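No lab work stands behind these numbers, since they all come straight from the coordinates. Since the structure is predicted, the reported quantities are computational estimates derived from the model, not experimental observations. We place every Cβ from the backbone using ideal geometry, glycine too, and count neighbours over all the protein chains shown.
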Amino acid sequence: MQGIHSCPAKRIRLRRRFFRLCCAGESVGLAFLAPRLDMPLPPAPLHEPKTAPYHLGDLALALLSGVLLTSMVSLNGSMGHATTPVFSSVAAHVTGTFAAAVALVIGRMRRRNLPIAITPTRAPLWAYLAGLSGAVTVILTSTTVNSPLTLTGTLALGLAGQAGFALLSDRFGLFGLARRKPSGGELAALALILAGSSFIIFAGAFA
Amino acid sequence: MLMALTAGVLVVVSRSVNGRLSLSTSPLQASFWNHIVGAAAIIAIAIATGQLIPPTLSQAPWFAWAGGTVGVIFIALGSYVVARIGAAMTAMLVIAGQMISGVALDVFRDVPGPIWPKVVGVLLILSGMWLSQRRRTTS
């Protein structure tokens, strides 16, 4: 098995190239997305049973954000490796705040007449507090990764928690979003994706 | 174990809450608020546990500082998408994207270990994605 590993110098070069690619893609992405993502969403079918078909573009964006998540976890992981998991979260949140502020300002300079929110309601105060839940997540996962669960267990249980609670949240329209009933095909798709993820997460166990 | 499950639940909570905020403002603003509130919370935690300025900070490579900016796009996209296709569909596609690109990254970096479980996993995920969008999409 050792023959397939390239020499360390080459691996480091590849790694560097990968991260440089990430950073370049990130700047381009932010410049491109800033004006487009800084406008209110079209009127969402709040509390309307979900029957309308999905737009392929929306599904593609969800997939893209999963890819971004991999590069984010990998970048934050190098920070956490050099320092501590909590500090890597501090760094990510502080730099993220600046990046978002810059993107907002640039987006507004390029597009003067901002559309006004179509949804007549103002956002409730709790809607501003999503960041708290993100901070708690960091604490929970950095604890469980170092527990007998290790990274594998943390990932697997995290996925289970996500899938279960997402279904619950759609079913009851929690957090002011539209109520949706998943179709049989979607439930089967979720099961397939979770099964596939388990294969990948537990790949080490097949060695 | 309960903690790991809760972490998963909280991922969905924060995405949906951000989605609600972007209904009234915009996904990018939701991402901004998410980061500034999160920064305040995590700085408080870091001060409480004495890790605000770790001594090994200078060892961090420069690109490690780029994760936060990727996170801004990630949160903004998530808030946009969750309000339009729902929490379950978003969670399943984000997981799919993460797993597939994770395997690609592993292959790229020559991570040791058997490859076939990963290939099986990716195939299962792709078939799930195909099933999820069948008959329900318009372009």
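Close amide H contacts of A:TYR54 (hydrogens built in the peptide plane, cut-off under 5 Å, sequence separation of 5 or more or a different chain): B:THR137, B:THR138. Averaging Cα coordinates gives a centre for the stretch B:56-133 and one for the stretch A:167-207; these two points are 15 Å apart. Taking amide H as placed 1.01 Å from N in the peptide plane, A:ARG179 has its amide H under 5 Å from the amide H of A:HIS47, A:GLU48, each at least 5 places away in sequence or on another chain. Going by how many other beta carbons lie within 10 Å of each one, how would you line up B:MET1, B:MET89, fewest first? Taking fewest neighbouring Cβ atoms as first place, the list is B:MET1, B:MET89.
What is the stretch B:1-53 by shape, rounded, prolate or oblate, if you read a ≥ b ≥ c off the alpha carbon gyration tensor as root eigenvalues and call it rounded for a/c under 1.5, prolate for a/b larger than b/c, and oblate otherwise?
On the way: a/c = 4.29, a/b = 1.31, b/c = 3.28.
It is oblate, given that a/c is not under 1.5 and a/b is not larger than b/c.
Of the residues B:THR6, A:THR141, the one with the fewest other Cβ atoms within 10 Å heads the list, and the complete ranking is B:THR6, A:THR141. Residues in the stretch B:51-62 carry Karplus couplings, in order, of 10, 5, 10, x, x, 8, 4, 5, 7, 6, x, 4 Hz; the curve used is 6.51 cos²θ - 1.76 cosθ + 1.60 with θ = phi - 60°, and Gly or Pro positions show x.
Per the Cauchy relation, a quarter of the hull surface: what is the mean projected area of the convex hull of the alpha carbons in the stretch B:30-139, in nm²?
Values: hull surface 41.3 nm².
Average of the hull's projected areas for the stretch B:30-139 equals 10.3 nm².
Calculated mean residue ellipticity at 222 nm for chain B: -26000 deg cm²/dmol, from DSSP H runs with n ≥ 4 weighted as -39500 (n - 2.57), summed, divided by the residue count and rounded to 500.
Sequentially through the stretch A:173-180, phi angles give Karplus couplings (6.51, -1.76, 1.60; θ = phi - 60°) of x, 5, 6, x, 9, 5, 7, 9 Hz, Gly and Pro residues having no value and appearing as x. Between A:ARG122 and B:ALA40, the modelled label-to-label distance comes to 1.7 nm, taking each label 7 Å out from Cα in the direction of the beta carbon.
Here each label is just a point 7 Å from Cα along the line to Cβ, and for B:ILE115 and A:ALA188 those points are 3.1 nm apart.
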